[in-house]
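Taking it in order: structure first as structure tokens, then the write-up.
The values are calculated or read from the model by the stated rules, or taken from the named source; none is laboratory data. Quantities reported herein were computed from a predicted structural model and do not represent experimental measurements. Note that each Cβ is placed from the backbone with ideal geometry, even for glycine, and that neighbours are counted across all protein chains shown. What goes into the accessible areas is simple: the full protein's heavy atoms, side chains included, and nothing from ligands, DNA or RNA. Shrake-Rupley method; radii C 1.70, N 1.55, O 1.52, S 1.80 Å.
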Amino acid sequence: MLHTTKQRMSKYQADFLEQLTAIEVDAHWFRRVFHTFAASFLFYYLLPEEEWISCIKIVVPIIIVSCIVVIEYRRLRGSLDHQRFFGLRSYEKKQPASYLYFGIALLLLFLLFPQQIAIPCLLCASFTDPIIGETRYHLGKKKAYTIGFLISLFFFLLTWYQADWWILILVSVIGASGALLGEAKKLRFFDDDFMIQILPALLIWLLWQGVMAFGVNILPPKIILSI
């Protein structure tokens, strides 16, 4: 009888651990898909430049991010059960989730930076971040960060291809380095989903404004035109 009970308990534990593993795998890929899906927000730049739509382009993103802030505040206060939020990492149960940082950074990109700066930064957050996360487990940090740098470099080259060659190279290297540093450097108060977008954006913005002080505008033409 005791032997049978132990066998049942062992089977139950094995099944339970298998279910937990399956959930964790699903959550893992859910987070990856969420990152890549964020690139679809580039449709923002396709919206017409009419006055009333321009107002919506400011107000709606602010409202959405504000709602996320309220939801996160309630979750952290215990008003909302964190188990309802699929995909949360264990350490996010006691601190703001990465999607909040992602949303705030994306809002800042849209409202404060020209699209020539915002687009490659968003693409880095959408693709470089999950690619580094995946390759790091299989190839190690050094190779993963090398791949991440090259992918980020490609996004900046793609966005700034109409600039002069020296500007193209300079901006791409600075932007890719900023994105890589934002992903690799873990900070206490800023998630990497925030830093991988904002750090390269700030670096390029400072370069742009610094050169503008000498009467030179290095910003290339937009690559996404409104409908």
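Among 109-118, 174-183, 48-57, sorting by the average number of other beta carbon atoms lying within 10 angstrom of each residue, highest first, gives 174-183, 109-118, 48-57. Since only 78, 42, 114 are under comparison, the one whose Cα sits farthest along the positive direction of the charge dipole of the range 39-169, derived from C-beta charges on Lys, Arg, Asp and Glu, is 78. Across the protein chains, with a 1.4 Å probe defining accessible surface, the residues 60, 33 rank 33, 60 from largest area downward. The average projected area of the range 86-227, computed from the convex hull of its Cα atoms over all directions, is 10.0 nm². Computing FRET efficiency as 1/(1 + (r/R0)^6) for residue 53 and residue 216, where r is the C-beta to C-beta distance and R0 is 45 Å, gives about 0.90. The count of lysine pairs in the range 125-227 with alpha-carbon distances below 20 Å, taking only pairs 8 or more places apart or on different chains, stands at 6.
With the simple model of a label 7 Å out from the Cα in the direction of the Cβ, residue 40 to residue 169 spans 3.9 nm. Each residue of the range 133-146 is assigned a 3J(HN,Hα), and the resulting list reads x, 6, 5, 4, 6, 9, 10, x, 5, 4, 5, 5, 6, 5 Hz, derived from the Karplus form 6.51 cos²θ - 1.76 cosθ + 1.60 (θ = phi - 60°), x at Gly and Pro. Across 136, 75, the residue with the most accessible area heads the list, and the full order at a 1.4 Å probe is 136, 75.
Remark: the range 182-221 carries 56 Å² of accessible area per residue (probe radius 1.4 Å; ligands, DNA and RNA excluded).
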